[in-house]
1. Among 50, 15, which is at negative phi, surrounded by 10 or more Cβ atoms within 10 Å (Cβ to Cβ) and modelled with pLDDT of 75 or more?
2. Out of 97, 90, which single residue is part of a loop (DSSP other than H, G, I, E, B) and at pLDDT 80 or above?
3. Of all residues being in contact (Cβ under 8 Å) with a residue 24 or more places away in the chain and assigned to a loop (DSSP other than H, G, I, E, B) in the stretch 207-228, which is nearest to the chain's Cα centre (by Cα)? Just the residue, please.
4. So for the stretch 119-134 (the condition being in a loop (DSSP other than H, G, I, E, B), without any contact (Cβ under 8 Å) to a residue 40 or more places away in the chain, out of contact with any helix residue (DSSP H, G or I) (no Cβ under 6 Å at 6 or more places or on another chain) and surrounded by 11 or more Cβ atoms within 10 Å (Cβ to Cβ)), does at least one residue qualify?
5. When you scan the stretch 471-490, how many residues do you find that are touching a helix residue (DSSP H, G or I) at 6+ places or on another chain (Cβ under 6 Å) and surrounded by 22 or more Cβ atoms within 10 Å (Cβ to Cβ)?
6. If I filter the stretch 210-219 for residues that are modelled with pLDDT of 95 or more, surrounded by 16 or more Cβ atoms within 10 Å (Cβ to Cβ) and in contact with a helix residue (DSSP H, G or I) (Cβ under 7 Å, 6 or more places away or on another chain), do I get at least one hit?
7. Does residue 494 fit the bill of being closer than 30 Å to residue 342 by Cα, modelled with pLDDT of 85 or more and either within 24 Å of the chain's Cα centre (by Cα) or surrounded by 14 or more Cβ atoms within 10 Å (Cβ to Cβ) (or both)?
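The values are calculated or read from the model by the stated rules, or taken from the named source; none is laboratory data. Note that the coordinates shown come from a computational prediction; the quantities given were computed from them, not determined experimentally. Cβ sites come from the backbone with ideal geometry, for glycine too, and all protein chains shown count toward neighbours.
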């Protein structure tokens, strides 16, 4: 064998020497260098976290947008949208006088409180009466007073200084331990309190990115359902990693686990499932996803931010729910928002890990700072001890009994609404309303027009896309007497009005979402969305800007 290899090498040498005989040395050097550079260039094209075809497509779109006529058309459209947004947003506060510089003189507490009440009274949406989908989850007067009182006592505290506020540290620890117990964690299960579901998701992704990098993954990527919360995309953007979206079962809108298995690659850093997912309210098959995690040695994160304080209590409330928590081998982390169905004030969520080793990848420390050794458990440095204390007080106040009762009311109302809407012949339920979300569409007319008609009657639904549908996220406000019945009746009546002239139902949000879905360059949609975000900070004087 050695002789055969040696003879082959010698033959190659002879061939190369013969071909290059008489060729000037500089040409050989230049040709070799050029070939190496070309191969390196090809390697950089292929070895990138963003696939080549996507980079080519984006480059083409960028060039097209530089064409003067196209550039002007985009600018004019953005300006038109800006004026509409600013007009709408500032119009709702038209009776208020903009305060654009610090007042010259101090104000009394009474004057400030009067201003606060004046600001809070603007707006026509009756969110207290259940007009909003999701948005406000707590309608308990006693609960809101408790939150206000506790926050007043603890508003100056900061968990960054546990030596000064040891009681706040104790409260945060207890919030974590109580939540871990809800999700069938054991004494090894750990966690932390974050400012919301987005931060919980970003931190979980940060942990698994660092884990993947440690084991040699060059381009870590998240593998999550199409329906997973957009916070995973935000995490990918912020953390400089890739994300791949797994298709759904078109009937149940649960993730297609077979497709997820086929999409697993050497770069996969984590698998994601939702319990439930936000758009359609379906619970992904967590057990099957966790089995993939065990088979391929990948962490599995369960996003239960929306229903995290419903699904743990559904069995006790008399409803079936598939396995979704730490009782499922392979589930390594869970996020659950306390500020939704946990009824705590906005700004709290709990991120849990199966063990402390997993959580350790979340920590940030910088030991070489002149200001001292800097270490934080979450994204923020200073955090609100008042929010944590109010969250703790809410959980203690409700107890298991209170959460089970609230869950029973919400799930019953959700299923009642879903059942009634399913009986409207021109409407169709999208996915499975497993928990608290009812999504629906129509094959007879543009469903966004139904959303517009319901808005005229005081209802604000969430508009969804891919596929086109709308949803109502049921909260305790919708369990108030008569609210669900009025919603269903308004849906029926608005549907009948649209069916009288379906072709006329194309304006409003129907036109906006139709336009957005038809634009192939999604960066333009992002630019138009940025106009809306800019408008959130607009004063009345900004309306005249060009």
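1. When all the criteria are applied, what remains is 15.
2. 97
3. My answer is 228.
4. yes
5. The total comes to 2.
6. No: the stretch 210-219 contains no residue that is modelled with pLDDT of 95 or more, surrounded by 16 or more Cβ atoms within 10 Å (Cβ to Cβ) and in contact with a helix residue (DSSP H, G or I) (Cβ under 7 Å, 6 or more places away or on another chain).
7. no
Table: residues versus (1) touching a residue at least 60 places away in the same chain (Cβ under 8 Å); (2) buried (at least 24 other Cβ atoms within 10 Å of the Cβ); (3) in contact with a helix residue (DSSP H, G or I) (Cβ under 6 Å, 6 or more places away or on another chain); (4) farther than 20 Å from residue 304 by Cβ.
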site	(1), (2), (3), (4)
400	yes, no, no, no
403	yes, no, yes, no
409	yes, no, yes, no
414	yes, yes, no, no
417	yes, no, yes, yes
440	no, yes, yes, yes
456	no, no, no, yes
462	yes, no, no, no
